[in-house]
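Visitor: Following this message is one structure expressed as structure tokens.
The values are calculated or read from the model by the stated rules, or taken from the named source; none is laboratory data. If you're wondering where the values come from, they're calculated on a predicted model, not measured in any experiment. Every residue, glycine among them, receives a Cβ derived from its backbone with ideal geometry; neighbour counts consider all protein chains shown.
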Amino acid sequence: MGSTHNSPQGDLLAHVLVPVANETDAEKTALALEPYDPDTVTALHVVEKGDGVPDKTPVEQSEDLAAESYAAVRRVFPDANDHTAYSRNVVDAIFEAADEVDASAIAYRSRGGNRLMQFLSGDRSLKLVTRATRPVIALPQTDTDRDQ
């Protein structure tokens with residue numbers, strides 16, 4: 001039958017790719033996804049590379065951050081897979097990872113930020129939902145997210 005993300009009959013929650021930034025984000029995202037009971041979860045951490053300029057954080061530190069993020073997801077989804085990507089462009093890395101793991105959907109939790117921060121970052125949420133080739137699930141914010 002081929003890839004589930006191309007089939008309208010495919011189960012949207014068969015294999016969900018979950019981009020996570022850090023341990024706190026990973027925990028909040030996994031908890032927001034939990035009520036939807038996906039079949040398979042793959043947590044994705046993107047290590048941003050500098051492409052000719054110094055990296056934002058040393059690779060070893062970024063890999064430790066990824067490991068902490070994966071552990072947080074596994075507290076909610078014990079059988080979750082993990083996937084680390086290295087890229088200058090986070091959104092493109094998410095799309096490439098979704099292809100690599102054959103995800104049925106990408107589920108994320110908006111990290112918010114003021115309009116200036118969204119402008120400076122290129123509003124990754126907007127790019128994620130408008131350029132995707134598979135369903136993108138925007139998980140609801142929790143009360144604690146709104147208070148911050």
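Visitor: Checking the condition at pLDDT 80 or above and loosely packed, with under 15 Cβ neighbours inside 10 Å, which residue from ASP143, ASP99 passes? So that I can check it myself, show each step before the final result.
Guide: Details: ASP143 fails: at pLDDT 80 or above.
Just a single option satisfies the conditions, and that option is ASP99.
Visitor: Pick from GLU63, GLU27, GLU68, GLU48: which is more than 17 Å from LEU139 (Cα to Cα), at pLDDT 95 or above and either charged (D, E, K, R) or in contact with a Cys (Cβ under 9 Å, 6 or more places away or on another chain) (or both)?
Guide: Numbers: GLU63 fails: at pLDDT 95 or above; GLU27 fails: more than 17 Å from LEU139 (Cα to Cα); GLU48 fails: at pLDDT 95 or above.
Being more than 17 Å from LEU139 (Cα to Cα), at pLDDT 95 or above and either charged (D, E, K, R) or in contact with a Cys (Cβ under 9 Å, 6 or more places away or on another chain) (or both) holds for just one of GLU63, GLU27, GLU68, GLU48, which is GLU68.
Visitor: Output the residues belonging to the range 54-111 that are β-branched (Val, Ile, Thr) and either touching a Gly at 6+ places or on another chain (Cβ under 9 Å) or over 16 Å from SER125 (Cα atoms) (or both).
Guide: Keep residues of the range 54-111 that are β-branched (Val, Ile, Thr), which gives 57, 59, 73, 76, 84, 90-91, 94, 101, 106.
Answer for the range 54-111, where residues must be β-branched (Val, Ile, Thr) and either touching a Gly at 6+ places or on another chain (Cβ under 9 Å) or over 16 Å from SER125 (Cα atoms) (or both): THR57, VAL59, VAL73, VAL76, THR84, VAL91, VAL101.
Visitor: Sticking with this one: Give the range 55-91 a look and list any residue that's among the aliphatic types (A, V, I, L, M) and part of a helix (DSSP H, G or I), or say none.
Guide: Applying the first criterion (among the aliphatic types (A, V, I, L, M)) to the range 55-91 yields 59, 65-67, 71-73, 76, 80, 85, 90-91.
Selection gives VAL59, LEU65, ALA66, ALA67, ALA71, ALA72, VAL73, VAL76, VAL90, VAL91.
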